[in-house]
Amino acid sequence: MTGINCKIALESRQKMGSETESNLEKYEGTLNLREGKSYLSYKRASEDGPINCMISFNRKGFTMIQKGSINSKLELIPGSETHNIYGTPMGNLDLKIYTRHYQLIESKNSIKILIDYDIITGAEAIQTSMDISVRY
């Protein structure tokens, strides 16, 4: 797939109880625009091997698919609960996710995606936020 070369910064924060963890990852990728949707593809490395990542998004929602040493699909729709599969070498996890906030900000040479969601795992949800910046 050809497209526009871009730089991606993905910052995530997770909070469960009093524990907070944050992470910033930077990638080089490709941005494609098709039929009212944007597609962002990049590769990332993990301890278990490479992972191909594809993010598709528009004003209505966001989907992230990972294939490789981890296989997952994360679908986020504002105000909705979705069921997502996160596959690891140890087995599959079925995750329920409730999207609290989703915002897409587009400008001339950049895109910013702001997401707040809860990973529902039991008694206490994992509060998660993701800020994705794309420059091209």
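The table below lists the values:
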quantity: Full-stretch length increase - LEU33, GLN14 - with 0.36 nm per residue and alpha-carbon distance subtracted; calculated: 3.8 nm
quantity: Alpha-carbon radius of gyration plus Dmax, which is the widest Cα pair, for the chain in Å; calculated: 14.8, 45
quantity: Sites ARG59 and GLU21, calculated FRET efficiency, Cβ-Cβ separation with R0 25 Å, nearest 0.05; calculated: 0.30
quantity: Relative contact order (%) - criterion: Cα under 8 Å, at least six apart; region: region 1-104; calculated: 14
quantity: Rg/Rh for region 1-62, where both radii come from Cα atoms and Rh is the Kirkwood radius; calculated: 1.05
quantity: Within a Gaussian network of the chain (alpha carbon springs, distance under 10 Å), most fluctuating of ASN23, ASN71, ASN52; calculated: ASN23
quantity: Most mobile listed residue (THR63, THR20, THR30) in the chain, GNM with C-alpha springs under 10 Å; calculated: THR20
quantity: Most to least accessible of GLU28, GLU35 (protein chains only, probe 1.4 Å); calculated: GLU35, GLU28
quantity: Rounded to whole Hz, the Karplus (6.51, -1.76, 1.60) HN-Hα couplings of region 40-48, x for glycine and proline; calculated: 10, 10, 7, 10, 9, 9, 9, 4, 8
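The values are calculated or read from the model by the stated rules, or taken from the named source; none is laboratory data. Note that this is a predicted model, so its numbers are computed, not measured. As a convention, Cβ positions derive from the backbone with ideal geometry for all residues, glycine included, and neighbour counts pool all protein chains shown. Side chains are part of the model used for accessible areas, which takes the heavy atoms of the whole protein and leaves out ligands, DNA and RNA. Shrake-Rupley method; radii C 1.70, N 1.55, O 1.52, S 1.80 Å.
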